[in-house]
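Some notes on the structure that comes next.
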Amino acid sequence: MDYDLTIHEVHELLKSRKISSIELTQAVLDRIEEVEGKVSSFVTITRDLALDQAHQADERIKAGECLPLTGIPVLIKDNMCTRGTRTTCSSKMLENFVPPYDAKVVEKLNDRGMVMLGKSNMDEFAMGSSNENSAFYPTHNPWDLERVPGGSSGGCAAAVVSGEAVYALGSDTGGSIRQPAGFCSVVGFKPTYGRVSRYGLVAFASSLDQIGPLTRDVTDSALVLNAIAGHDPRDSTSVDQPVPDYTKSLVPDLKGTRVGVPREYFVEGMERGVEQVVRQAIDQLEELGAEVNWEISLPSTPAALACYYIVAPSEAMANLARYDGVKYGFSARDAESMWDAMEKTRQHGFGPEVKRRIMLGTYALSAGYYEAYYLKAQKVRTLITREFAEAFSKCDVLVTPTSPTVPFRIGERVDDPLQMYLADVCTLPINIAGIPGISVPAGFVDGLPVGMQILGKPFAEETLFRAAFAYEQATEWRHRRPVLNGA
């Protein structure tokens, strides 16, 4: 089953000419045809483009140019601009928007001979934790089709674990790569803020958004980050810092690694099975030679959820002001005046969750409330960042659950925004502080996946990869796949 292999396995087959990119791409496209009706990972499938790019990749390989990602099928989250292929953000507002340019990360993958399968389904404008906020349809978790895959990169995670893509690029504003990775039992990596260019990423919350890979194992994650990381002068928040070869840190040895376990992350309401799985995973790290400190404290963690849901909606409100029906996107035509047209465009173009966050942001930034809410949230953000820095003076990595629960049922939290927001309680402090984080498969509870999250200092991605790789190699979770259509 070529569609079910990792990037590094496929790369060896392509390099030795045992398979061609055309054959691989066709196998993945056949798999999409087989299971997409059940999973709904895609908004757009670019079959002809994929086969054309696969043909070009085969020509490059014949000429002796076979880079680690050349000829390997990838799914791109639908909030990254792709020239000539529509970019909808799973919103009616951008349903027919076709960008005239590529995002920087797409440019980088193109340079390496990528094969783009299409664009993934997601929560509208990346606002959500379940993929149910898509304007088109929800994505289903391949481990249990009645449950959510997580969000907002749920389409990406579901596609990778079900064999519909060898890897995917997602975005992470409050856990949107790591939480679905945990829910679908794949590897999800959020790099340090500024490590990967955001040029061409449709903005949700500009000080929090970061692009990263969703892959089948840690080695693949390192290979993709090698390709997409680096400075970009077109992104003013991009950091000009050398990019190491992350694959060199993939050593199955944790001797001398100091692992901290923040007690505030084992929150009230966490499912007992999830806590048990993660604690067993931490014990495994200790067996591998890590020095585990269970007494680490990040006291401002309980305030992180409130902080995030002031900062993120405030930035979203400002970023989404551009969708007024004038230059591009959905435009209401049955209006009596310009102001009426703008109001109706936003009324019918945005879904309920996007409207909710615009209203939250507008309120937080309004006269008389700015200091009480937004300014206070920024002060809390500084406290959270300082506490992480303090914790990292005592340890090399922090380990937490990725989510307090296993994947919940579709529809279970739709009418309870607070419960939905709590799904990201373990992941969003990391975006507030701008540090890197990775979620790796850690086990199952009643057949449903559980992820373990490993966190590091800013630009210490190598340390994360080392810890994640050592744990992964000592366990068998990366080999488990859901059964779909008996395949």
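Laboratory data are not the source of any read-out in this text; all were calculated from the coordinates shown. From a predicted model like this one, the values you see are computed outputs, not experimental measurements. Cβ placement follows ideal geometry from the backbone for every residue including glycine, while neighbour counts extend to all protein chains displayed.
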| query | DSSP loop trypsin sites (Lys or Arg not before Pro) in segment 1-41 with at most 13 other Cβ atoms within 10 Å of their Cβ, which ones? | reply | Arg17, Lys18
| Isotropic mean projected area of the C-alpha convex hull, segment 1-80 (nm²) | 5.4
| message | Based on the alpha-carbon set only, what is the convex hull volume of the chain divided per residue, in Å³? | response | 138
| How much length, in nm to one decimal, is gained on full extension between Val483 and Gln280, taken as 0.36 nm per residue of separation minus their Cα-Cα distance? | 70.5 nm
| request: For segment 158-296, just list the percent of Cα-Cα distances falling in each 5 Å bin from zero outward, please. | output: 2, 9, 14, 17, 19, 19, 13, 6, 2, 0
| message | Give the residue list of chymotrypsin sites (Phe, Trp or Tyr not before Pro) in segment 273-352 that are DSSP loop and have at most 16 other beta-carbon atoms within 10 angstrom. | response | Tyr328
| request: Over the alpha-carbon set of segment 81-217, work out the extent along each principal axis and list the three values in angstrom, largest first. | output: 38, 33, 30
| segment 192-257 to segment 41-82: how many Å between their Cα centroids? | 20
| field | Listed peptides 238-245, 70-77, 178-185 by packing density, highest first (mean Cβ within 10 Å) | value | 178-185, 70-77, 238-245
| task | Quick one: pull the percentage of alpha-carbon pairs in segment 368-487 with a separation above 21 Å. | result | 53
| task | Could you order peptides 278-291, 467-480, 399-412 by the average number of other Cβ atoms within 10 Å of their residues, highest first? | result | 399-412, 467-480, 278-291
| field | Over segment 175-214 - Rg/Rh using Cα atoms and the Kirkwood inverse-distance radius | value | 0.98
| said: Across segment 244-348, what fraction of all alpha-carbon pairs, as a whole percent, falls in each successive 10 Å bin from zero upward? | reply: 12, 22, 19, 17, 15, 13, 3, 0
| task | Please give the FRET efficiency for Glu65 paired with Glu476, using the beta carbon to beta carbon distance and R0 = 41 Å, rounded to the nearest 0.05. | result | 0.70
| task | Rank the residues Thr87, Thr427, Thr382 as a footprinting-exposure proxy: fewest other Cβ atoms within 10 Å of their Cβ go first. | result | Thr382, Thr87, Thr427
| query | Where a ≥ b ≥ c are the square roots of the eigenvalues of the C-alpha gyration tensor, would you call segment 267-423 rounded, which needs a/c under 1.5, or, failing that, prolate if a/b is larger than b/c, or oblate? | reply | prolate
| request: Treat the count of other C-beta atoms within 10 Å as a stand-in for reagent exposure and order Arg386, Arg258 from fewest to most. | output: Arg386, Arg258
| task | Return the distance in nm (one decimal) between the two label points of a simple spin-label model at Arg86 and Gln419, each offset 7 Å from Cα along Cα→Cβ. | result | 3.4
| By how many nm would the segment from Tyr369 to Ala389 grow when fully extended, if each residue of separation counts as 0.36 nm and the alpha-carbon distance is taken off? | 4.2 nm
| task | Once you have the Kirkwood Rh of segment 305-394 from its Cα pairs, apply Stokes-Einstein at 25 °C and 0.890 mPa s and quote D in µm²/s. | result | 164
| request: Calculate, in whole percent, how much of the Cα-Cα pair population of segment 48-139 lies beyond 15 Å. | output: 61
| How large is Rg over Rh for segment 279-335, taking Rg from the Cα atoms and Rh as the Kirkwood inverse mean of 1/r across Cα pairs? | 1.41
| query | Any idea what Rg and Dmax come out to for segment 320-361 if you just take the C-alpha atoms, in Å? | reply | 10.2, 28
| note | Cα-based Rg and Dmax for segment 103-176, in Å, come out at 12.6, 39
| field | Among the listed pairs Lys190/Lys394; Lys248/Lys457; Lys92/Lys355; Lys18/Lys77; Lys190/Lys327, those beyond 24 Å (Cα-Cα) | value | Lys18/Lys77; Lys190/Lys327
| field | For segment 433-487, fraction of C-alpha pairs farther apart than 18 Å, in % | value | 43
| task | Starting from the Cα of Ile19, step 7 Å along the direction of its Cβ; do the same at Asp52; then give the gap between the two resulting points in nm. | result | 2.4
| message | Assuming 0.36 nm per residue, please report the length gained on full extension of the stretch Lys327 to Phe97 beyond their Cα-Cα distance. | response | 81.7 nm
| If you average 1/r over every pair of different alpha-carbon atoms in segment 399-442 and take one over that average, what Kirkwood value in Å do you get? | 11.9
| request: Only Cα pairs under 8 Å and at least 6 apart count here; give the relative contact order of the chain as a rounded whole percent. | output: 18
